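For reference, the structure discussed in these notes is given below.
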Amino acid sequence: MSEKYYVTTPIYYINDKPHIGSTYTTVAADILARSHRLRGEKTFFLTGTDENSQKSVEAAAKADKELNVYLDEMAVIWENTWKKLGISFDDFIRTSQERHHKAVARFWQAVEKSGDIYKDTYERHYCVGCEDFKTDSELNEDDRCPLHPNKDLELVQEENWFFKASNYKDDILQLFHNSQNFVQPPKRLNEIRSYVKDGFADFSISREAKKVSCGIPVPGDDTQRIYVWFDALINYLSAIGYGTDDELFKKWWPADLHLVGKDIIKFHCALWPAMLMSAAKNDPLLQNEDGSPKLPKQIFAHGFFTIEGQKMSKSLGNVIDPLELAVEYPFDVVRYFFFREIGFGNDGDFNRLRIAERYQSDLANTLGNLLNRAINMSRKYFDGKVPNIPDPSSQILVPGTSWGGKEAVDTLWQQVEEYYASARIDLALEAIWNGENASLTLANRLVEETKPFKLIKEDPEKTALVLYTLLEFLRNVAWMIEPVMPEIAKQIITGLGQDPKSELSQHNFTQLKTWGGLKPGSDLPEPKILFPRLGE
RNA sequence: CGCGGGGUAGAGCAGUUGGCAGCUCGCCAGGCCCAUAACCUGGAGGCCGUGGGUUCAAGUCCCACCCCCGCAACCA
């Protein structure tokens, strides 16, 4: 009955510590994972590190460290950064781990058995920057890599193993056709479709061992090492038991969502499904009941952002360390900014002025102030308690107001859930703040429309109804924003005199979001300022 | 013919299947006084980059063009 949700981030190169960009990706995955967990779905959230790269070798050499030592140190830094930021990952895969090597070996053999691996000698241009081969048509007018024009292309001439990606070109195009949501957002689907159409050539998937100082050995061929991308993608399988724990694997595969940056869609949307299609032919674990390949359900490519209008760059010195940022602002505020300000899937700008603006306006003024005024009035007029209304679950409309009542809140919940489900985090937040029949803005308006501070003298019962509505709506909002702002959500719940932990453990999701959950007559603690105003 | 993103109110951005142009901030004028000088209402402010085309109807679809941004390294 309960559905499962398996979400991944890309695995990161660890030639430096995490920065704000990788943090953005990871937070996005965290939000989606949390939204599914909240719904009571069995959720598995994977992140990790890509360690079989030439870049790691270079970085280790630069740091004057043994490769293994360097990798171990950096992997810890990455994992700990995510922990400190409260990222709720369930596993942390390192491609240097034994389990990964086992999975890769099994996968390679399955692909080989399918007849999609062959040896060939060739001479081609290899761009170290891209870690990728370039065909002549991909070079710029100076015959250099358009992405890395200052880097000399290596003219590589060697015998390598190749993956017959071209065998799957039609299948991939068919996949795009059949499942329009496979790649999100749509503009990325267009991009990748034209890439596959124009030429989805066979990939070289190994390099000569003597030329690289890292990489997983090709099964049965010690002279070759597996090309980093071919092994990296398999991490999504190895972390959930492929090659080591069949039962676990069956539980989680296929992935429900691979979250990636827009720069690596080629690998995830074309190469990866092709690899899986091939391996599935000779590995029942990768097959559906009908023998078709089990492919990830969706790949979502997010955009990049600039820092204060400029490209993130070390030489400009504007690379932001997420841990330092988390000192400047509560990290929940940063999370909110990321997904309120920047349409998920679009490029955006990381701008401190805008963070401050969002903080002041959306968080302090609209949300924080509402919570504060609602609690204060309730405490003042109702003896420090949540107003004791007779039948909270059947709360009716307050006549003469634009507040949509409990049904509008149900509708809002529905919208928010749909947005989370389709990874439109930005729209979920927009709806909570500015929605049409129930929203934080409308809740503030309800106060103006009913004036509880006057109404209390004439009609205490109606006042109780209004205040209960506000408090109960805030409880609902807390759970709506919990995936994005888990700490803030807890503080709101606590501020309403409830215990977030027991709310979660004693109620299922359906009960949580059912109107009337806030117990009438329960104690309201003295309000704390959730978002102090900035400046003086 | 390198690749990609984008040009919508003063700033920053939304605009799914074409159907009266929206949101946040800022500005102006009111209201309110419970609240974090917060909240609410009203208003000013747009040739939706340009020129064509399709259509009863185009920010949205088609064609052409102009302009801006990113593309050594770091890097989602």
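The values are calculated or read from the model by the stated rules, or taken from the named source; none is laboratory data. Remember, predicted model here, so these are calculated numbers, not experimental data. When we count neighbours, we look across all protein chains shown, and the Cβ atoms used for this are built from the backbone with ideal geometry, even at glycine.
If you go through region A:1-25 and keep only what is farther than 30 Å from residue A:206 by Cα, of a type in the set (Ser, Thr, Tyr) and near RNA strand B (Cβ under 9 Å from one of its atoms), you end up with A:23, A:24. Beta carbons closer than 7 Å, at least 6 apart along the sequence or on distinct chains, pair a first residue in region A:193-209 that is in contact (Cβ under 8 Å) with a residue 24 or more places away in the chain with a second that is buried (at least 16 other Cβ atoms within 10 Å of the Cβ) and basic (Lys, Arg) for A:195/A:266; A:196/A:169; A:200/A:169; A:202/A:164; A:206/A:225; A:207/A:225.
Residues in region A:485-529 that are modelled with pLDDT of 95 or more, among the hydrophobic types (A, V, I, L, M, F, W, C) and within 29 Å of the chain's Cα centre (by Cα): A:485, A:488, A:489, A:492, A:493. Kindly indicate the residue of region A:308-347 that is modelled with pLDDT of 85 or more and either part of a strand (DSSP E or B) or touching a strand residue (DSSP E or B) at 6+ places or on another chain (Cβ under 7 Å) (or both) and also surrounded by the fewest Cβ atoms within 10 Å (Cβ to Cβ) among those meeting that condition. Applying the filter and picking the extreme gives A:347. Of the residues making up region A:43-63, not a single one is more than 16 Å from RNA strand B (Cβ to nearest atom) and not in a strand (DSSP E or B). Considered as a group, the residues in region A:381-425 that are among the small types (Gly, Ala, Ser) and part of a loop (DSSP other than H, G, I, E, B) include one that is surrounded by the most Cβ atoms within 10 Å (Cβ to Cβ), and that residue is A:423. Taking interchain pairs and intrachain pairs at least six residues apart, which have beta carbon atoms under 9 angstrom, with the first residue in region A:419-433 and more than 19 Å from residue A:303 (Cα to Cα) and the second of a type in the set (Asp, Glu) and assigned to a helix (DSSP H, G or I)? Listed by first residue and then by second, the contacts come to A:433/A:362. Which one of A:259, A:271 is at pLDDT below 95, part of a helix (DSSP H, G or I) and either in contact with a Phe, Trp or Tyr (Cβ under 9 Å, 6 or more places away or on another chain) or surrounded by fewer than 22 Cβ atoms within 10 Å (Cβ to Cβ) (or both)? None of the other options fit; the residue is A:271.
Among the residues of region A:10-31, those that are within 17 Å of residue A:423 (Cβ to Cβ) and out of contact with any Asp or Glu (no Cβ under 9 Å at 6 or more places or on another chain) comprise A:24, A:25, A:26, A:27, A:28, A:29, A:30, A:31. Touching a helix residue (DSSP H, G or I) at 6+ places or on another chain (Cβ under 9 Å), surrounded by 19 or more Cβ atoms within 10 Å (Cβ to Cβ) and either farther than 22 Å from residue A:301 by Cβ or free of Cβ contacts under 8 Å to residues at least 12 places away in the same chain (or both): does that describe residue A:12? So residue A:12 does not fit the description; no. Mind listing whichever residues of region A:64-109 are in a loop (DSSP other than H, G, I, E, B) and either surrounded by 19 or more Cβ atoms within 10 Å (Cβ to Cβ) or of a type in the set (Ser, Thr, Tyr) (or both)? Result: A:85, A:87, A:88, A:89, A:95, A:96. Just one of the listed residues (A:33, A:28) is farther than 26 Å from residue A:205 by Cβ, of a type in the set (A, V, I, L, M), more than 15 Å from RNA strand B (Cβ to nearest atom) and in a helix (DSSP H, G or I), namely A:33. Checking each residue of region A:123-132 against the condition of being over 30 Å from residue A:286 (Cα atoms), surrounded by fewer than 20 Cβ atoms within 10 Å (Cβ to Cβ), among the small types (Gly, Ala, Ser) and in contact with a His (Cβ under 8 Å, 6 or more places away or on another chain) gives at least one match.
Of all residue pairs spaced 6 or more apart or on separate chains, those with beta-carbon atoms under 6 Å, a first member in region A:447-467 that is farther than 14 Å from residue A:399 by Cα and a second member that is within 11 Å of RNA strand B (Cβ to nearest atom) and of a type in the set (Gly, Ala, Ser) are A:467/A:378. Taking the numbered list (1) surrounded by 15 or more Cβ atoms within 10 Å (Cβ to Cβ); (2) under 32 Å from the mean Cα position of the chain (by Cα); (3) assigned to a helix (DSSP H, G or I) in turn, residue A:373 passes all entries but (2).
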